[in-house]
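The values are calculated or read from the model by the stated rules, or taken from the named source; none is laboratory data. Fair warning: this is a prediction, and the values are worked out from it, not measured in the lab. Note that each Cβ is placed from the backbone with ideal geometry, even for glycine, and that neighbours are counted across all protein chains shown.
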There are 2 protein chains.
Amino acid sequence: MKGIDFMQKPVIVLVQPQLAENVGMAARAMMNCGLEEMRLVAPRENHTGEKAVAASSGAEKILFEAGVFATTREAVADLGLVYATTARRRNMVKVVETAEAAAGEMAQKSREGIRCGILFGPERTGLHNDDVGIADKVIEIPLNPAHCSLNLSQAVLLVGYEWYKTQIEVPAVQLVTNGGQVADKEKVLHFFDFLGEKLAGCKIFQDEEKRPRMLLNLHNMFLRREITEPELNTLYGIFNYLSGKKE
Amino acid sequence: MKGIDFMQKPVIVLVQPQLAENVGMAARAMMNCGLEEMRLVAPRENHTGEKAVAASSGAEKILFEAGVFATTREAVADLGLVYATTARRRNMVKVVETAEAAAGEMAQKSREGIRCGILFGPERTGLHNDDVGIADKVIEIPLNPAHCSLNLSQAVLLVGYEWYKTQIEVPAVQLVTNGGQVADKEKVLHFFDFLGEKLAGCKIFQDEEKRPRMLLNLHNMFLRREITEPELNTLYGIFNYLSGKKE
């Protein structure tokens, strides 16, 4: 995310937003996703007033720097690629993309120097057909068709989130160890030897035929996920304590 | 999405939610994503009262059917795989996954008959360490680290959205034609012939050397995206009108 130029981030254009609170929450969602530039087309309420600022939860910078335009046409004048977000199909021949596909495309186009923007309509009605007509493409967020109405800030959040995901490299799955080193195989196998000795006298391990398989199963339980060195030390302590008690 | 068994959908567990309104909005977000089962651990306010129902925007069924539990332990007792959502790292050795990775895993595990659940903490503090400790894994939603606080319903929405995406097959990019047939090549090339005839006398097409390249460029402009038959007919009408005027 670091080093992403302001000009490479899509512009969020709120067309005729009705409530200042929603504009504030949209700014918050933008900041959650590392977006910076908001533009407002004929907002009904004051987007830098108390209500909007409170709702922005710390994203007031976006509100105070937001450009205000009389028409959508003026708001998108300097952009090269414009998407309209809609929840319902219009009677138009139009390219429709998922939020994920559009995010990938915007990331790509931005790198080519094409400034991108996304239109969001008024809370109650969504975008007017004329505004959808100004856009190159439509973004439809895939959601339960029986219940797909989102509030304005949630729509901004989902589209922004998809864009943000294109900008970062986060491991899909990672073991967070808080500084504890993952134990190398020598240490793990040494623990298994120790375990075998401690359990040598244990009744369920007495059957010579079954013992190798049982130890194998036990090893696999510990090997299923990485173990850290401090965790191994805890296990040594526990087995020493327990075996001491029994002897 | 059709045919997904109730038992294959992850359970959303809200641990000690503070405000009924937030529980209602979380129910709305769940319905947006096709999720059905909500469980509440020691909610502070009435989750079936007026405030919660109003905030749910039509998802009150989820509220009325929500199970209420005294402890997190009881709420997850019948689940096989439990995730904790957290915004900040804890001092624990834990597997941390993105919402997207966890969603894919839940979809897979559910098909294997393992019931999954996701814990969300109280609005102000997030999950207590003891509740994170009950979970198998942690979900961290990738967001701007400088501003990653989400409200409860937004966190539910993002995790639910990722899960929903694993359940559906939506084309990433599609041309919506509203019934208009995309014109086949014969029709498009016929239009190009027509265009060539109409423009034969046009000054900028007079240069014999440049003409082929200019026509090619013109063709490519029309070929850049699919054209439907009704659109072609409109173009015929327009060029006939314009050429008629000039002749």
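Values computed for the structure shown
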read-out: Inter-residue pairs, beta-carbon under 8 Å, first more than 10 Å from chain A (Cβ to nearest Cβ) and in the stretch B:174-185, second not aliphatic (A, V, I, L, M), 6+ apart; value: B:Q181/B:T228; B:Q181/B:E229; B:A183/B:F191; B:A183/B:E226; B:A183/B:T228; B:A183/B:E229; B:A183/B:E231
read-out: Boolean, A:I204 is of a type in the set (V, I, T) and over 47 Å from the mean Cα position of the chain (by Cα); value: yes
read-out: Test result for B:L150, of a type in the set (A, V, I, L, M, F, W, C) and not assigned by TED's automatic domain parsing to the domain that holds B:T72; value: no
read-out: Selection status of A:R115, of a type in the set (K, R), more than 9 Å from every other protein chain (Cβ to nearest Cβ) and either in contact with a helix residue (DSSP H, G or I) (Cβ under 6 Å, 6 or more places away or on another chain) or surrounded by 17 or more Cβ atoms within 10 Å (Cβ to Cβ) (or both); value: yes
read-out: Test result for A:D136, under 20 Å from A:Q18 (Cβ atoms) and in contact (Cβ under 8 Å) with a residue 40 or more places away in the chain; value: no
read-out: Candidates A:T98, A:T72, A:T85 - the one that is of a type in the set (V, I, T), at the interface with chain B (Cβ under 10 Å from one of its Cβ atoms) and under 30 Å from B:P171 (Cβ atoms); value: A:T98
read-out: Test: B:F194 is over 24 Å from A:V95 (Cβ atoms) and under 45 Å from the mean Cα position of the chain (by Cα); value: yes
read-out: Candidate set: the stretch A:135-156, residues that are at pLDDT 95 or above and part of a helix (DSSP H, G or I); chosen: the one farthest from the other protein chains (Cβ to nearest Cβ); value: A:L152
read-out: Flag if A:R115 is charged (D, E, K, R) and modelled with pLDDT under 95; value: no
read-out: Exclusive hit being over 18 Å from A:E123 (Cα atoms) and either in contact with a strand residue (DSSP E or B) (Cβ under 8 Å, 6 or more places away or on another chain) or outside the structural domain of A:G117 (by TED's automatic domain parsing) (or both), set A:G67, A:G34, A:G49, A:G58; value: A:G67
read-out: Residue within the stretch B:36-57 that is facing chain A (nearest Cβ under 10 Å) and among the aliphatic types (A, V, I, L, M) present; value: no
